[in-house]
Amino acid sequence: MTAIFITETIDYAVANGAIIRGYTDRVTVTIQGKPDVCTGMISDFGDVKPIFKAALDDYDHRLLVTSSDVKASGGGVIRAYGKQDRWGPAMYCLLIMADLEDQIKPLVVTSVTARNICADPYTDVGLPTHYAHCLFKHKGVCKRMHGHSSRVVAITKDGAEDRRATSQAVELLRGAFVVSSDKVDQSSNTGVWEMRTDDCLLALPKRLFFLLPAGVEATAENIVERLFEMLAPHHDIAALVLYEGINKGAIAGEHGAIGRWLRCNRF
């Protein structure tokens, strides 16, 4: 028996009532069966991939909420006032997989004996953290509110990791919504700040915002640069690396340290 598989990545955020937590998952569809005598294929990758990617779009680069209003801990609310069919239920990986399983039923042909979808959270070097953001000026899916499972590594001048600086960077981002300061209404004296996008209102305790300077988009480049500016005066670090999801990220620091890091093929 043989099988084919396709792996894609989804980045999303879940509003769980306490924080907006970012996730990055690898999602794999496996189709098992006997290759067709004429084509030599179980199913054509060209047929499988578009259906799979279309199903994933319900979750990729989205904020998943349970309803149009979600109460946030410490006061505030997460309110979705855009089209409701763009907002999925707040589900963790296994429940998302069950929903995707229904959506790939069109992939079943006579030669297929079994199909399966599985996902695994992304983990690798560095300490994990989770944050959410959106890019207001982006022309693609990153304009949607979404999140990432991320990792941070603080590098000393001799190339070692500074675990204390790494831990501090992790805590600054953990459960935070990263945004430029001019996008947030900070006028309330209740300790709850507000931010609006085309699709939702975030009214969250101010401790859940990680603010960038006014006019600065919350890209990985700008986030890691801001973190380095905050940490470098207090730690003997030469660079800070932020992995945003899988196989991508940004690095800020001294020119020589960045060059050494890149030459080591650490990305």
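So here's what we get for this one:
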read-out	value
Inter-label distance, nm, simple model (7 Å from Cα along the C-beta direction), Thr2/Lys143	4.3 nm
Dipole of the stretch 127-263 [Lys/Arg +1, Asp/Glu -1 at C-beta], most positive-end residue of Thr156, Val216, Tyr243	Tyr243
Amide H within-cut-off set for Phe210, under 5 Å, with H built and near neighbours excluded	Phe177, Val178, Val179
R0 of 22 Å, Cβ-Cβ distance Met230-Arg164: FRET efficiency to nearest 0.05	0.95
Full-stretch length increase - Asp185, Thr28 - with 0.36 nm per residue and alpha-carbon distance subtracted	52.5 nm
Simple label model, 7 Å out from Cα along Cβ direction - Thr9 to Ile258, nm	2.0 nm
Difference of contour (0.36 nm per residue) and Cα-Cα distance, Leu201 to Asp57	49.7 nm
Extended-chain gain in nm, criterion 0.36 nm per residue less alpha-carbon gap, Asp44 and Lys248	70.5 nm
³J(HN,Hα) computed for each position of the stretch 146-154 - Karplus, 6.51 cos²θ - 1.76 cosθ + 1.60, integer Hz, glycine/proline x	7, x, 9, 7, 10, 9, 10, 9, 9
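Throughout, read-outs are computed from the coordinates displayed, never taken from laboratory work. Here the structure is a predicted model, which means the values were calculated and not measured. Note that we place each Cβ from the backbone using ideal geometry, even for glycine, and neighbour counts take in every protein chain shown.
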